[in-house]
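Taking it in order: structure first as structure tokens, then the write-up.
The values are calculated or read from the model by the stated rules, or taken from the named source; none is laboratory data. Note that this is a predicted model, so its numbers are computed, not measured. Methodologically, a virtual Cβ is constructed for each residue, glycine included, from the backbone with ideal geometry; neighbour enumeration extends over all protein chains shown. Protein only, heavy atoms only, side chains kept; ligands, DNA and RNA dropped before computing areas. Shrake-Rupley method; radii C 1.70, N 1.55, O 1.52, S 1.80 Å.
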Amino acid sequence: MPRCSVTRRVHFNAAHRLYNPNYSDEWNRTTFGKCANANFHGHNYELEVTVEGEVEPETGYVMDLAILQKMVEERLIRHLDHKNLNVDVPWFKDLNPTAENIAIVAWRQICPAIPAGLRLRLRLWETPRNYVEYEGA
């Protein structure tokens, strides 16, 4: 069977602070720069959720994008959108909310709901110029 990738792009707004409490404020400022601001800062994140697999002969789909969108909204976006990741989101209680860690958390939330036989890939845009890709570990 032919294989294809389908992608759904979703959006969320969130604030965060990059900070490691095991180190001094000076170390954090040097390491994370303005992202260590004690008053937080925000991003307009774009998340590309890609599913790869065989095209089903009955539907012509790899996966119905409407189903994928609903799944991502329910399992991830509603927990992150318009939230302070450090304060409001339990997934980041003990995890520095870097773009890398946000992508890993997103994958952990979405992957269990992806049908067997399909491969999940994520691309998280933190800014129009910076993104992280994650395919699971």
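Got a number for carbon plus sulfur as a percent of the chain's accessible area, 1.4 Å probe? Write down the numbers at each step before the final one.
Working: 3960 of 8120 Å².
Using a 1.4 Å probe with all protein chains present, the chain comes out at 49 percent carbon and sulfur.
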Handout entry: Backbone HN-Hα couplings from phi across segment 5-10 [Karplus 6.51/-1.76/1.60, Hz, Gly and Pro as x]
Key = 10, 10, 10, 10, 9, 10
Completion exercise
Between residue 37 and residues 5 or more places away or on another chain, the pairs with built amide H atoms under 5 Å apart involve 18
Practice task
Quote the relative contact order of the chain in percent (integer), defining contacts as alpha-carbon pairs under 8 Å separated by 6+ residues.
Solution key: 30
Exercise for the section: Within segment 1-62, report the GluC sites (Glu not before Pro) that DSSP leaves as loop and that have at most 10 other Cβ atoms within 10 Å. Expected result: 58
Problem - Nearest-20 debye value, segment 12-110 charge dipole, Cβ charges on Lys, Arg, Asp, Glu - result: 640
Practice task
State the answer as a single residue: which of 36, 117, 68 lies farthest towards the positive end of the charge dipole of the chain, with beta carbon charges of +1 for Lys and Arg and -1 for Asp and Glu, about the Cα centre.
Solution key: 36
Practice task
May I ask what percent, to the nearest 5, of DSSP beta bridges between residues of the chain are antiparallel?
Solution key: 95
Exercise for the section: From largest accessible area down, sort 25, 64; use a 1.4 Å probe on the protein chains. Expected result: 25, 64
Handout entry: Whole-Hz ³J(HN,Hα) from phi, Karplus 6.51 cos²θ - 1.76 cosθ + 1.60, for segment 131-137, glycine and proline x
Key = 9, 10, 10, 8, 10, x, 10
Problem - GluC sites (Glu not before Pro) restricted to segment 63-114 and DSSP loop, no more than 11 other C-beta within 10 Å - result: none
Handout entry: Long-range amide H partners of residue 83 with built H, under 5 Å
Key = 15
Fill in the blank from the handout: Here, residue 56 and residue 100, labelled 7 Å along Cα→Cβ, have an inter-label distance in nm of 3.7
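Sum up the charges of everything whose Cβ sits under 11 Å from the Cβ of residue 133, counting Lys and Arg as +1 and Asp and Glu as -1, but leave residue 133 out. Mind showing how you got there, number by number?
Working: positive: 121, 123; negative: 48, 100, 135.
Residues close to residue 133 contribute a combined charge of -1.
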Practice task
Exposed loop trypsin sites (Lys or Arg not before Pro) only (DSSP loop, at most 13 other Cβ atoms within 10 Å): please give the longest stretch of the chain free of them, not including the sites.
Solution key: 1-92
Practice task
Calculate for the chain the 222 nm mean residue ellipticity that helices alone would give, adding -39,500 (n - 2.57) per DSSP H run of length 4 or more and normalising by residue count, nearest 500 deg cm²/dmol.
Solution key: -6500 deg cm²/dmol
Completion exercise
As straight-line cross-link partners of residue 34, the qualifying lysines (C-alpha separation under 23 Å, not fewer than 8 residues apart within one chain) are 83, 93
